[in-house]
Amino acid sequence: MLSLFRPAPPIERLPDEKIDSEYKKYRLKVFLGIFIGYAAYYLLRKNFSLAMPYLTEEGFSKSELGFALSAISIAYGISKFVMAIISDRSNPRMFLPAGLILSAIISLLMGFVPFFTSSVTIMFVMLFLNGWFQGMGWPPSGRVLVHWFSISERGNKTAIWNVAHNVGGGLMAPIAVAGVALFAGLSGGSSSGYEGVFILPALVAVVMAFVTYALVRDTPQSVGLPPIEEYRNDYPTKEKKTFETELSTKEILFKYVLNNKWVWAIAIANIFVYFVRYGVLDWAPTYLSEEKGFDMSKSSVAYFLYEWAGIPGTLLCGWISDKLFKGRRGPAGFVFMLGVLIAVLVYWFNPPGHSVIDMICLIAIGFLIYGPVMLIGLQALDFVPKKAAGTAAGLTGLFGYLGGTVTANALMGVIVDASGWDAGFILLTVSCALAALVFALTWNVRGQEVVKNQ
């Protein structure tokens, strides 16, 4: 491993009278660091979608551009697992900004150098690289969360941090549009200035990478503080273990992740959760247009409401798992997926002409589905030692993106074409039920209590 990414070593502990004030200061700083850093990753994830209308005018077909766009999801799903293995043995202060800068470089090349948008093959390769570097965002953030926030508060803190992707995704569009206006007509570029959708968000992301570096620290011990469990007297097990030992890649993979039945359970659950998430989201405009008589503007509003309803839903889900269920994530996931199931059924059987009910259903699904999405990542952190947290989360992400997202895009389209929307909704309904069932299986599992048995 490059020495640049080596975990920060512990230093001599600070005097007792300084620990509380320093802990509070650093906890705020590191949380802001991973929030800003992860939000900045989303400034670079969907830019190509905004460039596609301009690229079609240059002669590319929708099928060609769709093929190129798929590279991001494929690469991200694989990278989130592979890069997580490296991240678990790295310093997030270096790892998180490094991935962001590498992703920004890809975006800048696509904006400044016409060659990198000259063919579908080249765009596929560039977007694959972008997706790969995007996979360096979640794992180091997870490492920071498990080291700086204890088990009984982690649900709420992870939920708040998870909102970063909504914030970054929401800011990307206006920044990209400003980039188009800024770069229109510049020599060497197109007259429309569409290159700005790549350039300006990338420049902002680079600045945010340096901000992230300034704020994030690896572990409390690396700045002279005790482990978080000791500081808050909030241990994951009755034996008061803190699981602070650095682990080898072999131990992480074969002792704590691949041999962990609970990690496999939530990885499988993630397939069904992501299938519902993207099966509803990606197909909502088409379904509402074909079956419910929505026009494009109405469908766009419904799409927007679905996404932003996820913010309060995620926060509520994290709070419930901490306060009501005392660190057990399974019950909250089960309840929320049951709610999703009901909303999907109403959305399906609501007859055309009742657009308000359709809107309410989409808001309800968006409000409810992002909580389980967040909880599965959180359970991955909870079910393994802190030094294996990124790898466990990466495995669940691999299953979610490759098994859930790709299936939602490809299989839903094939099924609906062959058998109609009712067949598609049967798949969504079954997926809701199966996800709820797997969450129910983890009902009584709390935090790292399962680690001591491995």
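Data for the structure
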{"read-out": "Sum of -39500 (n - 2.57) over DSSP H runs of 4+, divided by residues of the chain (222 nm, nearest 500)", "value": "-23000 deg cm²/dmol"}
{"read-out": "The range 1-230 - percent of accessible surface contributed by carbon and sulfur, probe 1.4 Å", "value": "69"}
{"read-out": "Residues of the chain: accessible area per residue with a 1.4 Å probe, Å²", "value": "39"}
{"read-out": "Accessible area of Glu290 in the full protein assembly, 1.4 Å probe (Å², nearest 10)", "value": "120"}
{"read-out": "From the coordinates shown, Cα extents along the principal axes in Å corresponds to which of (i) 90, 52, 42; (ii) 64, 54, 37; (iii) 80, 57, 36", "value": "(ii)"}
{"read-out": "Span-like helix ranges in the chain, DSSP H, alpha carbon extent 18 angstrom or more, Kyte mean at least -1.0", "value": "16-41, 62-87, 92-112, 120-134, 164-183, 196-215, 261-281, 296-319, 330-349, 355-382, 406-419, 421-441"}
{"read-out": "FRET efficiency estimate (nearest 0.05) - Cβ-Cβ, Trp264 to Leu14, R0 51 angstrom", "value": "0.80"}
{"read-out": "Glu57 accessible area, assembled protein chains, probe 1.4 Å, Å²", "value": "150"}
{"read-out": "Potential lengthening between Ile426 and Lys29 on full extension [0.36 nm per residue; Cα-Cα distance subtracted]", "value": "138.3 nm"}
{"read-out": "Heavy atoms of Trp161 accessible to a 1.4 Å probe, total area in Å² rounded to 10", "value": "0"}
{"read-out": "Rounded percent of accessible protein surface that carbon and sulfur make up, the range 249-443, 1.4 Å probe", "value": "73"}
{"read-out": "Cross-link pairs Lys25/Lys80; Lys18/Lys80; Lys25/Lys261; Lys46/Lys323; Lys80/Lys323; Lys80/Lys261 - those with Cα-Cα distance over 26 Å", "value": "Lys25/Lys80; Lys18/Lys80; Lys25/Lys261; Lys46/Lys323; Lys80/Lys323"}
{"read-out": "Where labels lie 7 Å past Cα in the beta-carbon direction, separation of Val211 and Ile342 in nm", "value": "4.0"}
{"read-out": "For Arg328, residues with placed amide H under 5 Å, excluding near neighbours", "value": "none"}
{"read-out": "Solvent-free Debye scattering, log10 I(q)/I(0), computed from the Cα coordinates of the range 249-443 at q = 0.09, 0.11, 0.17 Å⁻¹", "value": "-0.33, -0.49, -1.05"}
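The values are calculated or read from the model by the stated rules, or taken from the named source; none is laboratory data. As the structure is a computational prediction, the values presented were derived from the model and not from experiment. Cβ coordinates were reconstructed from backbone atoms using ideal geometry, including for glycine residues, and neighbour counts include every protein chain displayed. For the accessible areas, the whole protein counts, side chains as well, though only heavy atoms, and no ligand, DNA or RNA atoms are used. Shrake-Rupley method; radii C 1.70, N 1.55, O 1.52, S 1.80 Å.
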